[in-house]
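Have a look at the structure below, then the notes.
The values are calculated or read from the model by the stated rules, or taken from the named source; none is laboratory data. Note that the structure is a prediction, hence the values are computed from the model and not measured. Every residue, glycine as well, gets a Cβ built from its backbone with ideal geometry; the counts of neighbours run over all protein chains shown.
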Amino acid sequence: MALARRLASEKAMALANQFPDHLIIGSDQVAELNGRALGKPGTHSRATAQLRAASGNTMVFFTAVCVLDSRSTLSRSDVDRTVVYFRPLTDQQIERYVDREQPLDCAGSFKSEGLGIALFEKIDGEDPNALIGLPLIRLIRILEAFGCRVL
């Protein structure tokens, strides 16, 4: 959770000099399987290995959002926690999925907004957008705390 929050904050701060009078939004996500953080797989073989390990197990996603006021340097952040319950998967299902979706740059080796949803038994979380990569419900709360009207 702390890693996701730090990465989201660093992304927002990296743009502060370019946008000195703005609210800047940074977001990042960390996936954990059995208490171990998973990076983006980067290769087909790592993606299939991650999905084999996830098969029949649960994976926890921490998706952080940070809003930085670059004028005052005040920032606020929050983290959404989503638990994904994977179905038991065959090697053939995993191979077909990775070949079709190419989730090599995705935490957890899947894209829930695509075919990745077929890998799951269920999802527990407050915000379905968080699993895709940006916890919009938490972002709205933070923007409102900065005085932004969303509605």
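Structural remarks
- Count - residues of segment 105-123 that are under 18 Å from residue 63 (Cα atoms), of a type in the set (A, V, I, L, M) and touching a residue at least 40 places away in the same chain (Cβ under 8 Å): 2
- The set of residues in segment 69-116 that are surrounded by fewer than 17 Cβ atoms within 10 Å (Cβ to Cβ) and in a helix (DSSP H, G or I) comprises 91, 92, 93, 95, 96, 99, 100, 115.
- Inside segment 28-51, residues that are loosely packed, with under 14 Cβ neighbours inside 10 Å and touching a helix residue (DSSP H, G or I) at 6+ places or on another chain (Cβ under 7 Å) make up a count of 1.
- Just one of the listed residues (8, 54, 4) is touching a Phe, Trp or Tyr at 6+ places or on another chain (Cβ under 6 Å) and closer than 16 Å to residue 132 by Cα, namely 4.
- Failed criterion for residue 51 (all others in (1) under 17 Å from residue 28 (Cβ atoms); (2) of a type in the set (A, V, I, L, M, F, W, C); (3) modelled with pLDDT of 95 or more hold): (1)
- Of all residues in segment 124-140, those that are outside any strand (DSSP E or B) have Cβ atoms under 7 Å from Cβ atoms of residues that are among the hydrophobic types (A, V, I, L, M, F, W, C) and surrounded by fewer than 19 Cβ atoms within 10 Å (Cβ to Cβ), 6 or more apart or on another chain, in 125/83; 126/137; 127/136; 127/137; 129/136; 131/123; 139/25; 140/150.
- Odd one out for residue 48, checked against (1) more than 28 Å from residue 137 (Cβ to Cβ); (2) assigned to a loop (DSSP other than H, G, I, E, B); (3) among the polar types (S, T, N, Q): (2)
- Residue check, residue 55 among the hydroxyl-bearing types (Ser, Thr, Tyr), under 28 Å from residue 23 (Cα atoms) and free of Cβ contacts under 8 Å to residues at least 60 places away in the same chain: no
- Filtered by the rule that a residue be surrounded by 15 or more Cβ atoms within 10 Å (Cβ to Cβ) and either at pLDDT below 95 or assigned to a helix (DSSP H, G or I) (or both), segment 4-27 gives 4, 5, 6, 7, 8, 9, 11, 12, 13.
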